[in-house]
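Comments concern the structure below.
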Amino acid sequence: MTTDVVNIFAPTPDRRVKRGWMNLRVAQVIHETPDTDTFLMVDAEENKRAFDYIAGQYLTFRFDEVADKPVVRSYTMSSSPCQPDTVAFTVKRVEKGLISNWLCDNVRAGSILRARGPIGRFCYDPAHDKKHLFMIAAGSGVTPFVSIMREHANTLGKKGSPEKMTLLVSYRSTKDLICWEDLNALRSVPGCRVIVSLSREHAEKEGFLYGRINESMLADTIAGDYADVTFMSCGPQEMMDLGRNHAISKGVAPEQFKTESFES
Ligand SMILES: Cc1cc2nc3c(=O)[nH]c(=O)nc-3n(C[C@H](O)[C@H](O)[C@H](O)COP(=O)(O)OP(=O)(O)OC[C@H]3O[C@@H](n4cnc5c(N)ncnc54)[C@H](O)[C@@H]3O)c2cc1C
C-alpha cells in the first residue's frame, strides 16, 4: 500500500464542519431553467461559507413550517468545494412535489434554511477511482457532477483529480439545460467532455444527441475505453441499471460503477 493515498472522507484538522443543524441564509437565487433554481447560501451568523465538503456530497434540510410536522429532504451541492464564499444547491421541481415546489416558489435572497451535513460518499475518490471519470446523469441527477466537474476541470491529471472526465447527460429539451453556462464552457477544457441528449426535442444541428440514454449511446460515447474508467451515475433507476449492466458486460469491475438515487 502506498503512503501518499489520502482517505478523502477522513476528518482533517483543517476541514471546517459544523455539528447539528445549521442556519443558512440564501444569498442569491439563480433561475436555471423554467423549473429549476440554484440557491447560493452563507452561514446565517458568520455571513461566510458555512462548511467544507467534497464534491458529490449532500445536505439534509429540515422544513418545520411547510407541513403539519417537520419534513426533511436531501439536496446535493452543485457548487465547487473551491468556491470561496457560498455553497450552492440546485432544485428541480418534481410534479406535485411538496418541498421542491415550495423552495422554488418561496425561497428568496435573505431566506433562512436549516440543514445538517455535509454527508455522502458519492464522490470522486482518488484512492480508489480510475484515471477516467465517466458520469451518466438525467435531469436533476446532474447536480453532483456539476460540482465534480467544476472542482476538477482545472486540475485534471494532478494529484487528487482524474486525468479526464466525461459527462453524458439527458434532459427533455434545450429549455432544461441545468447549470449550462458552466458545463458548456467546460467543453473547451482539454480532458473534459460534456455530451447532452434530448429526449423530447430534435436539436442535432446544435450538437445535441436525440433520445433517452441507451446502450448504443453509451457504447458510442465510451468508444471502447473501458480499461481505466470509473463510472458514476445518478438518475432514474432504469438508466443507472442500463449503465451498470453495460459496463459490467464489458469487463468493468462492479466497484467501479457507483450510483446515487434521488428517489426515495
Ligand atoms: C442523496 C439525495 C440527493 C438529492 N439531491 C437533489 C438535488 O441536488 N436536486 C434535486 O432537485 N433533488 C435532489 N434530491 C431529491 C430531493 O431530495 C427530493 O426528493 C425532491 O426534491 C422531491 O421532493 P418533494 O418534496 O418536492 O416531492 P415529494 O412530495 O416527496 O414527492 C412527490 C412525488 O414525486 C416522486 N418523487 C420524489 N422525488 C423524486 C425525484 N427526485 N424524481 C422524480 N420523482 C420523484 C415521489 O415518488 C412522489 O410521488 C436528492 C435526493 C437524495 C436522496
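Where a number appears in this text, it was derived from the coordinates with a stated rule and is not lab data. In this text, all values refer to a predicted model and were calculated from it rather than measured experimentally. As a convention, Cβ positions derive from the backbone with ideal geometry for all residues, glycine included, and neighbour counts pool all protein chains shown.
Points worth noting:
- Evaluated at q = 0.10, 0.14 Å⁻¹, the base-10 log of the normalised Debye intensity for the range 22-119, with identical point scatterers placed on the Cα atoms, takes the values -0.23, -0.47.
- Taken along the Cα-to-beta-carbon direction at a fixed 7 Å, the label points for Q83 and E238 span 3.2 nm.
- About the Cα centre, charge dipole magnitude for the range 179-237 (Lys/Arg +1, Asp/Glu -1 at Cβ), debye: 100 debye
- Of K130/K258; K130/K158; K69/K258; K18/K92; K18/K96; K159/K250, those spanning more than 22 Å from alpha-carbon to alpha-carbon: K69/K258; K18/K92; K18/K96; K159/K250
- Spatial offset of the range 54-117 relative to the range 198-254 amounts to 28 Å, using the alpha carbon center of each.
- For the pair S264 and H202 in one chain, pulling the backbone fully straight at 0.36 nm per residue adds 19.2 nm over the alpha carbon distance.
- Top of N106, N184, N47 by mean-square fluctuation, Gaussian network on the chain, Cα under 10 Å: N106
- Highest-fluctuation residue, E215, E201, E238 considered, GNM on the chain with Cα pairs under 10 Å: E238
- Using θ = phi - 60° in the Karplus curve 6.51 cos²θ - 1.76 cosθ + 1.60, the 3J(HN,Hα) couplings for the range 165-179 round to 9, 10, 10, 10, 9, 10, 10, 6, 8, 5, 6, 9, 6, 8, 6 Hz; x is entered for Gly and Pro.
- Prolate/oblate/rounded label for the range 132-260 (Cα gyration tensor, a/c 1.5): oblate
- Mean residue ellipticity, 222 nm, helices only, the chain: the sum of -39500 (n - 2.57) across DSSP H runs of n ≥ 4, divided by residue count and rounded to 500, is -5000 deg cm²/dmol.
- Bridging of K131 to aspartates and glutamates at a Cα separation below 16 Å is possible for E151, E163, D225, D228, E255, once same-chain residues fewer than 8 apart are set aside.
- Within a Gaussian network of the chain (alpha carbon springs, distance under 10 Å), most fluctuating of D68, D105, D37: D68
- Other-chain or far-sequence residues with amide H under 5 Å of M22's (modelled H): A115, R116
- Distribution of pairwise C-alpha distances over the chain, 5 Å bins, in %: 1, 6, 13, 17, 19, 17, 13, 9, 4, 2, 0
- Additional length obtainable on full extension of the chain from S249 to D228, 0.36 nm per residue less Cα span: 6.0 nm
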